[in-house]
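J.: Please read through the structure below; I'll follow up with questions.
The values are calculated or read from the model by the stated rules, or taken from the named source; none is laboratory data. Here the structure is a predicted model, which means the values were calculated and not measured. Counting neighbours? That spans all protein chains shown, and the Cβs are built from the backbone with ideal geometry, glycine included. For accessibility, only protein heavy atoms count, side chains too; no ligands or nucleic acids. Shrake-Rupley method; radii C 1.70, N 1.55, O 1.52, S 1.80 Å.
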Amino acid sequence: MKVQLVSTWMLGLALANAQVYQPLGGILDRDGNPANMERVSELRSRTVQHDFSDETVEQRDTRRERADAVKKGFIYAWDGYKKYAYGADELDVLKKKPKTTRNGWGATLVDALDTIHIMGLDDEFRQATEMVAKINFHNDGGQLAKVFETNIRYVGGLLSAYDLSKQDIFLKKAVELVDLLMPAFDTPLGLPWQMLNITTGQGSSETVGTSSTNLAEIGTFQMEFFRLSQLTGNATYHEAAQKVITVMLEKNSPQDPTSKYTIPGMYPIDFDMMSGRFTGSSAYWGGGGDSFYEYTIKTWFLSDFMLHRNLDIWRESIQALREYGLAESSDGYLFPGFVDGAKFYPYVDTFTNFIPGTLGLASKLVGSDTYFELAEQLLKAGYSVFGKMPSNLGAEAIRFVRRNVGSDYLQLSAQGRAQVDAYGISLERPYYVLRPELIESLFLMYRMTGKQEYADMVWNIWQGIQRNCRVENGFVGTANVATDAATTGVLNTVDSTESFWFAETLKYTYLTFADHDVINLDQWVFTTEAHPLSRTFAFDGAF
């Protein structure tokens, strides 16, 4: 069933654009070719989730005990949020006070809707649904809305709640919010501002007085806007997200001697949304670039394999990453890093840990054993950052020493060299703030391979979180992953509990141990905020 919810403003724009028929954005590849329907039909018949029919009773019982433990952890944290900050964006756990960080619309509540539903917490879901119905998105709480974050946390949360529950209130609120965000795209090139005054519709950059943005923030609307167009029958949302990609490709070429974009497929992070051109040359699959690449391929999944340009871009990008963006560490792990022209910098943040899971999914679907093996190599490297630490938790960012590149070691501080001697890596940002990316990839790879070692790795991380992050009324970050509270007797806390803790970290941890048909990978695909969207909607190239 499609629910037609279209604002007057959006309907007028759609009618104006409907005078001349053109294929939907992304349907044709960069050479103007559509998807091969025979190949599309074959892809639609493929599966990615492992057959777990050989699971023993003992394995099942252990898995379910772990799922129950994680669920209890969620309830413990949720009770703290309900007691001190219910309906607020976040709970300041240590101070026992609500925090307004995302316009006061209840970021934690909305971000956690699907986790609550998946865990079968029916009373909590009913209460949260009642709260959602009362949200006034026209009241911005005196804050500018960060358009990217509003989309992935609020819009994604609402759409996933709708896909899971089929309650119309969630779709209604998603349409209401996205229509309020659309003025951010009302720019000369259709590229979105980073920040938006919801009341006036005035956009701005996060860096005041500039038009700067980054690759992730312009490229991470595709999944949510595609699904919204599917559900409403209004292509305007999808076209807005795809126009961003069209402009980026048209305005930047490696063949242009003045372009900062020099390696095909390795898109620089820094971007100017008024000129449509990259302003820096550093390319990176971590923070600032990560979800652009993630959405390129996942929107292809979501489109029933019809958005041919997305696959085209992904193929070029993953080939470039393999050739230019990876290096082997001195202790034998394969890590991504920063690429700036011909230079490689062995710096990696925890956001890059999304790569193995997403690459694994893509490789399974297209049938590439080579790239699936690469995904597993990257997963082992990502886990090594956690597994080597006394806390079983990974630093926000590390620096590694490349094999046979002695200068990498010499350029480190004395402390950095000592850490390399001890752990094989230098802890550039030694804290852990409940981030989900490695757990995400471990969950996905476990579901695709059935390898118990990946589930055990998630459990090890969960134990580290219990020891180092659990406090009265919830969970917070830990300041130094190289120490463990079980040994020191001291919790070295970072007072941070963002909504992704409930939306992503707890969800992926729980799903690792939940029954395998709960959010089956052949039926669902996750957004960058871990919101599952149904893959069961047929799509033939039109809404």
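J.: I'd like the Karplus ³J(HN,Hα) series for region 430-443: coefficients 6.51, -1.76, 1.60, θ = phi - 60°, whole numbers in Hz, and an x wherever there's a Gly or Pro.
T.: x, 8, 10, 10, 6, 6, x, 4, 5, 4, 3, 5, 5, 4
J.: What whole-number distance in Å separates the alpha-carbon centres of region 473-521 and region 56-87?
T.: Region 473-521 and region 56-87 have Cα centres separated by 11 Å.
J.: Multiply the residue separation of E323 and S212 by 0.36 nm, subtract the distance between their alpha-carbon atoms, and state the gained length in nm to one decimal. Intermediate results must be reported in sequence, preceding the final value.
T.: Numbers: separation 111, 0.36 × 111 = 39.96 nm, distance 2.87 nm.
Computed gain between E323 and S212 is 37.1 nm.
J.: Please give the Cα centre distance for region 180-249 versus region 320-382, rounded to the nearest Å.
T.: Cα centroid of region 180-249 versus Cα centroid of region 320-382: 29 Å apart.
J.: Can I ask one more? Taking amide H atoms as placed 1.01 Å from N in the peptide plane, list the residues 5 or more away in sequence, or in a different chain, whose amide H sits under 5 Å from that of E428.
T.: A397, I398, R399
J.: Taking square-rooted eigenvalues a ≥ b ≥ c of the alpha carbon gyration tensor, is region 96-170 rounded, prolate or oblate, where a/c under 1.5 means rounded and, failing that, a/b exceeding b/c means prolate?
T.: Details: a/c = 1.88, a/b = 1.56, b/c = 1.21.
It comes out prolate by the Cα gyration axes.
J.: Which residues among region 449-470 fall inside the zone where the amide N is under 20 Å from a point 7 Å beyond the Cα of D68, along Cα→Cβ?
T.: Taking a point 7 Å out along Cα→Cβ of D68, the residues of region 449-470 whose backbone N falls under 20 Å are 456, 459-460, 462-463, 466.
J.: In the chain, what percent of the accessible surface is made up of carbon and sulfur (1.4 Å probe, ligands and nucleic acids excluded)? Numbers along the way, then the final one.
T.: Numbers: 9910 of 20640 Å².
With neighbouring chains kept in place, the figure for the chain is 48 percent.
J.: Next question. Quick one: which residues, 5+ away or cross-chain, put their amide H under 5 Å from the amide H of V471? H built at 1.01 Å from N.
T.: V476
J.: Set the Förster distance to 35 Å, then compute FRET efficiency between E42 and Q255 from the Cβ-Cβ distance, nearest 0.05.
T.: Working: r = 34 Å, r/R0 = 0.97.
The calculated FRET efficiency here is 0.55.
J.: Ok, one more. Keeping every protein chain present and rolling a 1.4 Å probe, give me the accessible area per residue for the chain in Å². Present the calculation step by step, with values, prior to reporting the outcome.
T.: Values: 20640 Å² over 543 residues.
Per-residue value: 38 Å².
J.: Would you mind checking which residues have amide H under 5 Å from T210's amide H? H placed 1.01 Å from N; only 5 or more apart, or other chain.
T.: Distant-sequence amide H within range of T210: S205.
J.: Which residues in region 151-178 place their backbone N less than 17 Å from a point set 7 Å from the Cα of H138 along the Cα-to-Cβ direction?
T.: Once the point is set 7 Å along Cα→Cβ of H138, 172-178 turn out to lie under 17 Å by backbone N, inside region 151-178.
J.: Can you work out ³J(HN,Hα) from phi for every residue in region 522-538, in order, using Karplus 6.51 cos²θ - 1.76 cosθ + 1.60 and θ = phi - 60°, giving whole Hz and x for Gly and Pro?
T.: Result, rounded to whole Hz: 7, 10, 9, 9, 8, 6, 5, 9, 6, 8, x, 10, 5, 9, 8, 7, 6.
J.: Next question. Would the chain count as rounded, prolate or oblate if I go by the C-alpha gyration tensor, calling it rounded below 1.5 in a/c and otherwise prolate when a/b exceeds b/c, oblate otherwise? Let's see the in-between values first.
T.: On the way: a/c = 1.35, a/b = 1.14, b/c = 1.19.
Taking the square roots of the gyration eigenvalues as a ≥ b ≥ c, the chain is rounded.
J.: With the crude spin-label approximation of a point 7 Å out along Cα→Cβ, what separation in nm comes out for D31 versus S413?
T.: The answer from the label model is 5.1 nm.
J.: With θ taken as phi - 60° and the coefficients 6.51, -1.76 and 1.60, list the Karplus ³J(HN,Hα) couplings across region 409-420 in order, rounded to whole Hz; mark glycine and proline as x.
T.: Working through the residues one at a time gives 6, 5, 6, 7, 5, 4, 5, x, 5, 5, 5, 4 Hz.
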